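Engineer: Before I ask anything, here is the structure I am working with.
The values are calculated or read from the model by the stated rules, or taken from the named source; none is laboratory data. Everything numeric in this text was worked out from a predicted model, so none of it was measured. With ideal geometry, Cβ positions are generated from the backbone for all residues, glycine too; neighbour counts draw on all protein chains shown.
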Amino acid sequence: MRATTATTATATASDSATASDTATAADGTSAVTVIGYGPAAHRLVQRLRHHGHRGPVTVFGAEPQPAYQRAQLTSVLDGTLPAGALTLAPLPAGVEVRTGTRITAVDPRRRLVRAEDGTEHPYGILVLATGSRPVLPQLAGAGRHAPGLRVPHTLRGARPVTKGPVVVVGGGLRGTETAYALGRAGHDVTLVHPGAHPMHRLLDGRAGALVTAALREAGAVAETGRRVVAVEPGKALLDDGRLLAAGTLLLCTGTAPDTALARTARLAVRHGIVVDDRLRTSDPYIYALGDCARPVGRHHGTLESAWDEADALARTLCGADGSPVAARYVVRPRLPALAVLGPPDALHAPGDRDEHVVLSDPARGRYGRLVLREGRVRAGVLVGLDRAVATVGRLYTEDRPLPPDRLALLLGTDKEYTGGSALPDTAVVCHCNNVTRKDLRQAWRQGAHDLPAIAAATRATTGCGTCADAVRRICGTAAAS
Amino acid sequence: MSADGTRGPGAEVATHCAYCALQCGTLLRPSGPGVELEPSPDFPVNRGGLCQKGWTAPALLTTPDRLRSPLVRGPGGELAPAGWDEALDLIVAGLDRVRETYGPDGVGVFGGGGLTNEKAYALGKFARVALGTSQIDYNGRFCMSSAAAAGNAAFGLDRGLPFPVTDLGDADVVLLAGANPAETMPPLMRHLVHPRLIVIDPRRTRTAEQAALHLQPAPGTDLALALGLLHLAVTENLLDKEYLDTRTTGIDAAWQYALPWWPERVEQVTGVPVEDQRTAVRMLAEAGRRYLLTGRGVEQHSKGTDTTAAFINLALALGLPGRTGSGYGCLTGQGNGQGGREHGQKADQLPGYRMITDPAARAHVAGVWGVDPASLPGPGRSAYKLLDALGTPGGPRALLVFGSNPVVSAPNAAHIARRLAALDLLVVADLVPSETTELADVVLPVAQWAEEDGTTTSLEGRVLRRRAALTPPAGVRTDLEVLHGLAVRMGQPAHRFPVSPRTVFDELRRASSGGRADYAGISYERLDAGEALYWPCPDAPDGNHPGTPRLFLDRFAHADGRARLAPVEHRDAAETPDTHYPLHATTGRVLAHYQSGAQTRRVPELLAAAPGVHVEIHPGTAARFGLTEGALAEVTSARGSTVARVRLVPTLRTDTVFLPFHFPGAGRANLLTGPALDPVSGMPEFKVCAVRVAPWQEPQA
């Protein structure tokens, strides 16, 4: 791969004739061409201008519409939002956007890209943001052409679901979210998943059981350990021979990095486009980010990581030291209180040095498992613990030590620390006027036996007035003693 | 007795509290050298209530170290008493020298949100006419500027509460974003007994304790939370579509910026559980009468204007503003924080909330002042930039400070103290010594709340009469007298700077006439007769315009009558924790003190209640850094260190510490805060910086 890089660089440098009019320096003046117009590309272009990029920017998008929030397609599927509501904010003025233009080849030697219609477009710096493509199963029968079958990977495949019942094929993250959202929207949903429980690569058995229960509550039944093998109009055939009614069949069977274009440029590809810590591919003038890329030694694959990469790359292309992209992201599906932290293997097989915290309360739908090293989270899964889901994620991404009371953290309670015993005499009862219990008792002894008299003597209750009940209680205690 | 709390002839004087923007009604009876005070039972804002600050305000009138004579720094470097003529002559000679060398902008003026309308107006006029300087701004920039900028952009007008405070009492739900009235303005809570409260605050404050729902976002993330709440309002189908169609513009663009803030993402960024976000939006959307109020917690950020705008977007999306029984408002802080931002002590404004760049506004005000419009300077630097420029090439070399103590209250305080020390001439007018008077070349002793007449405009936009119950002590002058004395010495005609507050107010009425904050129809006579007058109150043919208690009921103040939703984007605070400074610090207030504490630290009862700076920290975090309850901690940011007493607070976020900013010297929380400013409002980032904490080690001798 090293050799490839060197060859490409030499070739490019010696063949400057075609590209001499396009600036290539990463100093904010380069002519940047972006292939792909999803959320990562959109953010990159926004951040380029934000960080002061002055050169021309061109974006090619294969789909006909402007960039949209792909991660929210389920909101269109379930009828929450119209398709148009997913359109992202307009790009800064001066950016050339060519939607509906599929780029079919990259020629790194001449530094240009070729579109489907044969036109060629030179670039200074090329950024591949081609995202991912769905991985589809073999289906017998009418197969992928069956009416009602859709791949909700693009806006075209994510029209609102109208024909019930719904079969969602594939219970990974996206499939589970989709089944849950449609169930909640009142559809009769079956989620067919080959693993032992939904999201089996991310979740352990106990967490999976709770997610299955949450699906059920939302109106979605999980058929686990099963596959759909054939499709006919209105029906799906499972591998155990059962037929499911399927007015709508949604294929959520996973995605793979879209590297086709990178291959035309002979870039190094290993599952995704190989990039270094500054998101540069094996060609020095070509970068890649988001779902199509495979960064070395770094967890990525969430929309947040793609956005962070976009910002880091924008800095790099503006000549700044690209701030390193965070190494840690939380998987936080659109399901009730569920978070997955860190690599699943660390969760399943904690090391000897690791502290292991487990809280299981299946009757209340709560489960938490954290693997800690030196007081910091290495991996974890949290279900139903809504406070912990909201707070531990940040402790993990920022690699902060956890507070010493692990259970208090998991349960989201601070009761462990509070005394809860009777008020001491020095306790302030009326904060607005700094009146203590002792002051009140003394006033009572001196003849102030009702609220107005207490107020006149101590000013208690005259501020916000909310201590009136407490003052009455203390008077009552004083009267009784 | 009238509604204003005015009583008939007699010894009792009806006036308003010395401190915050509630301007609680009080009744004063002179007694010895001071006054006896009781809360006014009739003034609707406090209805007989008062906090400890208000009750003890009379102690300020008799505080032993009250300034009673001008002080002039002598050759030995000590401040020594001097006569008024000597002091004023000295100041004018110094100003002349600076002006000759550096031009009019060589002199700066720094005002305060505690000054009455009359003083704020006269100060702005003095700067623009007598000094001819553009370099005037005030400490209200540190309070209200973000809310003002967002309010003007959204509604075309900025009046903190566009409805009377008492309207809140009938609400079903009130959302308080970054506001802690239970500690900062306790009597307001009397109006919040009935409504269910939603409180957004990183700390479980006393206000949050009374809430039906407390959202506890990480410091610096409330803009993400506001965007997320708008996102949910859309996806949960809670928008008031008819209202948006008929009364607003901009929902589509605002939505595009809220779109990437789905609830699970907001949860991971802010730490607020999804269900709590959903509950908050539902409570607010489904209540009959509902209000959304913001405070400094969301406004004092380098993105404070946008954060406030994001909350206004939410209020507009749900159809709150400009409706009877619902609304949006900001809780103004300082006593005259509302009036103080309307009458010309702001760098970019002329009286009546007019913009200094508007030719028609310049012509109108110049006409009232009897000067050539072309002679008025243009806009100057905003407060922090002004302070930061002091004594630098191109910056002011002399500064006049009225009613402010920036050595304690400005961010990056050690730096600002150095800038003040670099001046050729620093003049400070105050009633008591402060950390800023200690740096001054000349200190001028001025009158205080119960010693002079004037007006303030409270947080609800109601113009109130402050009335003198005492004459100022011998040797003390009013600010108006000080400005008059300086102006005359600088060659201004004597009549141009009157010393009677009533005369100044009558001129202010004319200057504000036709402006956004129009006071033309308000007079001392009407106020003294007990009328409750809220601006705008323009001149009416019969002289009896009723004022405007409730704004926007028919239309907003933009030309097309519509409110605007703003497309705003979340971003990180200017400084986020890292390995060296692993915690967020947020600053704020305690009940017993007001602003820099120059006044309240002199009141024995208040000092006893809160004697010094403390740092609130979660017990788990404290244990990690070796801190225990009551011990001294050194809190350090990239700019400096503060020494504070540890207070363990189990309800605090584990990643955050809190310090009140009222204390002097090494206890200044603003030694920690940074220089980042909001690009629109000039608001500093008081509410978040990155710090580390450690047990305090006594320095080795």
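Engineer: Restricting the stretch A:262-291 to residues that are farther than 14 Å from A:Arg43 by Cβ and in a helix (DSSP H, G or I), which is nearest to the other protein chains (Cβ to nearest Cβ)?
Structural biologist: Among those residues, the one meeting the criterion is A:Ala262.
Engineer: Say whether the condition of being more than 9 Å from chain B (Cβ to nearest Cβ), surrounded by fewer than 18 Cβ atoms within 10 Å (Cβ to Cβ), over 25 Å from the mean Cα position of the chain (by Cα) and among the polar types (S, T, N, Q) is met by at least one residue in the stretch A:439-451.
Structural biologist: There is at least one residue in the stretch A:439-451 that is more than 9 Å from chain B (Cβ to nearest Cβ), surrounded by fewer than 18 Cβ atoms within 10 Å (Cβ to Cβ), over 25 Å from the mean Cα position of the chain (by Cα) and among the polar types (S, T, N, Q).
Engineer: Now a separate question. Considering only the stretch B:662-680, I want to know if a residue exists there that is under 24 Å from B:Val407 (Cβ atoms), assigned to a loop (DSSP other than H, G, I, E, B) and among the acidic types (Asp, Glu). So that I can check it myself, show each step before the final result.
Structural biologist: Narrowing the stretch B:662-680 to residues under 24 Å from B:Val407 (Cβ atoms): B:662-678.
Adding the requirement that they be assigned to a loop (DSSP other than H, G, I, E, B) leaves B:662-664, B:668, B:672-676, B:678.
Imposing the further condition that a residue be among the acidic types (Asp, Glu) reduces the set to B:678.
Looking for residues that are under 24 Å from B:Val407 (Cβ atoms), assigned to a loop (DSSP other than H, G, I, E, B) and among the acidic types (Asp, Glu), one finds at least one in the stretch B:662-680, hence yes.
Engineer: I need a count of the residues in the stretch A:91-143 that are free of Cβ contacts under 8 Å to residues at least 24 places away in the same chain and either in contact with a Ser or Thr (Cβ under 6 Å, 6 or more places away or on another chain) or surrounded by 14 or more Cβ atoms within 10 Å (Cβ to Cβ) (or both).
Structural biologist: Final tally of qualifying residues: 2.
Engineer: Please verify whether A:Arg294 is under 20 Å from the mean Cα position of the chain (by Cα), charged (D, E, K, R), part of a strand (DSSP E or B) and surrounded by 18 or more Cβ atoms within 10 Å (Cβ to Cβ), treating the condition exactly as stated.
Structural biologist: The answer is yes for A:Arg294.
Engineer: Kindly check whether there is at least one residue in the stretch B:255-269 that is buried (at least 23 other Cβ atoms within 10 Å of the Cβ) and either over 21 Å from A:Arg70 (Cβ atoms) or more than 11 Å from every other protein chain (Cβ to nearest Cβ) (or both).
Structural biologist: no
Engineer: Can you name the residue in the stretch B:612-645 that is within 14 Å of chain A (Cβ to nearest Cβ) and assigned to a strand (DSSP E or B) and is also surrounded by the fewest Cβ atoms within 10 Å (Cβ to Cβ) among such residues? Quick ask: steps written out before the conclusion?
Structural biologist: Within the stretch B:612-645, the subset within 14 Å of chain A (Cβ to nearest Cβ) is B:616-630.
Now drop any that are not assigned to a strand (DSSP E or B), which leaves B:616-617.
Working: B:Glu616: 20, B:Ile617: 28.
In this case the residue turns out to be B:Glu616.
Engineer: With the requirement that a residue be in contact with a Lys or Arg (Cβ under 9 Å, 6 or more places away or on another chain) and surrounded by 22 or more Cβ atoms within 10 Å (Cβ to Cβ), what does the stretch A:193-221 give you?
Structural biologist: Within the stretch A:193-221, A:His193, A:Ala207, A:Leu210, A:Ala220 meet the criteria.
Engineer: Can you confirm whether the stretch B:496-505 contains a residue that is assigned by TED's automatic domain parsing to the domain that holds B:Ala122, among the hydrophobic types (A, V, I, L, M, F, W, C), in contact with a Cys (Cβ under 7 Å, 6 or more places away or on another chain) and closer than 24 Å to B:Ala360 by Cα?
Structural biologist: no
Engineer: Quick check on this structure: which one of B:Thr576, B:Thr587 is polar (S, T, N, Q) and more than 30 Å from B:Ala59 (Cβ to Cβ)?
Structural biologist: Of the residues listed, the single one that is polar (S, T, N, Q) and more than 30 Å from B:Ala59 (Cβ to Cβ) is B:Thr576.
Engineer: Using the structure shown, decide if A:Thr466 is within 55 Å of the chain's Cα centre (by Cα), within 25 Å of B:Leu50 (Cβ to Cβ) and at pLDDT below 85.
Structural biologist: So A:Thr466 does not fit the description; no.
Engineer: Scanning for something without any contact (Cβ under 8 Å) to a residue 24 or more places away in the chain and either farther than 26 Å from A:Gly412 by Cβ or not acidic (Asp, Glu) (or both), does the stretch B:637-648 turn up at least one residue? Walk me through how you get there before you give the answer.
Structural biologist: First pass over the stretch B:637-648, keeping only residues without any contact (Cβ under 8 Å) to a residue 24 or more places away in the chain: none.
No, the stretch B:637-648 contains no residue that is without any contact (Cβ under 8 Å) to a residue 24 or more places away in the chain and either farther than 26 Å from A:Gly412 by Cβ or not acidic (Asp, Glu) (or both).
Engineer: Just need a number here: residues in the stretch A:415-438 that are assigned to a loop (DSSP other than H, G, I, E, B), within 10 Å of another protein chain (Cβ to nearest Cβ) and either closer than 23 Å to B:Pro187 by Cα or at pLDDT 85 or above (or both).
Structural biologist: Total meeting the criteria: 4.
Engineer: How about the stretch B:520-534: which of its residues are of a type in the set (Gly, Ala, Ser) and surrounded by fewer than 21 Cβ atoms within 10 Å (Cβ to Cβ)?
Structural biologist: Listed by number, the residues that qualify are B:Ser523, B:Ala529, B:Gly530, B:Ala532.
Engineer: Still on this structure: So, of the residues in the stretch A:65-75 that are under 15 Å from B:His231 (Cβ atoms) and either part of a helix (DSSP H, G or I) or more than 10 Å from every other protein chain (Cβ to nearest Cβ) (or both), which turns out to be nearest to the chain's Cα centre (by Cα)?
Structural biologist: A:Ala71
Engineer: Can you list residue pairs whose Cβ atoms sit under 6 Å apart, with the first residue in the stretch B:460-485 being over 13 Å from B:Val504 (Cβ atoms) and without any contact (Cβ under 8 Å) to a residue 60 or more places away in the chain and the second being assigned to a helix (DSSP H, G or I) and not aromatic (Phe, Trp, Tyr)? Count only pairs 6 or more apart in sequence or on different chains.
Structural biologist: Within 6 Å, the pairs are B:Pro472/B:Glu451.
Engineer: Another one. Within the stretch B:88-100, can one find any residue that is at pLDDT 95 or above, in a loop (DSSP other than H, G, I, E, B) and farther than 18 Å from B:Arg465 by Cβ?
Structural biologist: Scanning the stretch B:88-100, I find no residue that is at pLDDT 95 or above, in a loop (DSSP other than H, G, I, E, B) and farther than 18 Å from B:Arg465 by Cβ, so the answer is no.
Engineer: Would you tally the residues in the stretch B:646-655 being away from chain A (no Cβ under 11 Å) and surrounded by fewer than 22 Cβ atoms within 10 Å (Cβ to Cβ)?
Structural biologist: The first filter runs over the stretch B:646-655 and keeps only residues away from chain A (no Cβ under 11 Å), leaving B:646-647.
Pick out the ones that are also surrounded by fewer than 22 Cβ atoms within 10 Å (Cβ to Cβ) and you get B:647.
Of the residues in that region, 1 qualify.
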